[in-house]
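Here you go, one structure.
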Amino acid sequence: MHGSGFSIIDEVRYDWQTGSTLVVPFGATHQHFNTGQTTARYFLAMSVHLEHMCGLHRHTQLADRGAASHVPSVPESQNGFDAQGRRVHLYLADAAPTRGI
């Protein structure tokens, strides 16, 4: 990700910044908010065609993109994991160092 903001995933807030990794669990309701002064950018990988073929894909636009007129009041994640114990968010500084990169 590039920029700063937060995402609400299944009624939990995950703050992010440049270098963060965010994994939205399959089927999770989510919305992204940019809190910085510049355009936030992220890389998205989906398997929509496979999901559609299997009858699993569903996309519902909950709000138009642009300036948010309302930010839901939801609890913030304290550790980057969701209620099922899956990692949803990881700051770059907290990632394990790799060798040779």
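Given the DSSP H assignment, sum -39500 (n - 2.57) over each helix run of at least 4 residues in the chain and divide by its residue total; what's the result at 222 nm in deg cm²/dmol, nearest 500?
-1500 deg cm²/dmol
PRE reach from residue 81 (point 7 Å along Cα→Cβ): which of segment 11-47 fall under 19 Å by backbone N?
Of the residues in segment 11-47, 11-15, 21-26 have backbone N under 19 Å from the label point off residue 81.
If you don't mind, another one. Given a Förster distance of 35 Å, report the FRET efficiency between residue 50 and residue 18 from their Cβ-Cβ distance, rounded to the nearest 0.05.
Values: r = 30 Å, r/R0 = 0.87.
Taking R0 as 35 Å, the efficiency between residue 50 and residue 18 is 0.70.
Apply 1/(1 + (r/R0)^6) to the Cβ-Cβ distance of residue 95 and residue 11, taking R0 = 25 Å, and write down the FRET efficiency to the nearest 0.05.
It comes out at approximately 0.45.
Please work out the FRET efficiency for the pair residue 73 and residue 43, using the Cβ-Cβ distance as r and a Förster radius of 30 Å; give the result to the nearest 0.05.
After rounding, the FRET efficiency stands at 0.55.
Kindly provide the trypsin sites (Lys or Arg not before Pro) of segment 4-79 that DSSP labels as loop, not H, G, I, E or B, and whose Cβ sees at most 13 other Cβ atoms within 10 Å.
58, 65
Now for a different question. How large is ³J(HN,Hα) for each residue in segment 6-16, as worked out from phi by the Karplus curve 6.51 cos²θ - 1.76 cosθ + 1.60 (θ = phi - 60°), to whole Hz, x for Gly and Pro?
8, 10, 9, 10, 6, 6, 10, 8, 10, 6, 9
Can you give the percent of C-alpha pairs in segment 32-77 whose distance is more than 11 Å?
So the portion of pairs separated by more than 11 Å is 80 percent.
In whole Hz and in residue order, list the ³J(HN,Hα) couplings for segment 27-35 that follow from phi through the Karplus curve 6.51 cos²θ - 1.76 cosθ + 1.60, θ = phi - 60°; x for Gly and Pro.
x, 6, 6, 8, 8, 10, 10, 8, 9
Relative contact order for the chain using alpha-carbon pairs under 8 Å, separation at least 6, rounded to a whole percent?
Relative contact order, the chain: 34 percent.
Report, largest value first, the span of the C-alpha coordinates of the chain along each principal axis, in whole Å.
The Cα atoms of the chain stretch 41, 35, 27 Å along the principal axes, largest first.
Values in this text are rule-based calculations from the coordinates and carry no lab data. Everything numeric in this text was worked out from a predicted model, so none of it was measured. Positions of Cβ are backbone-derived with ideal geometry, glycine not excepted, and every protein chain shown enters the neighbour counts.
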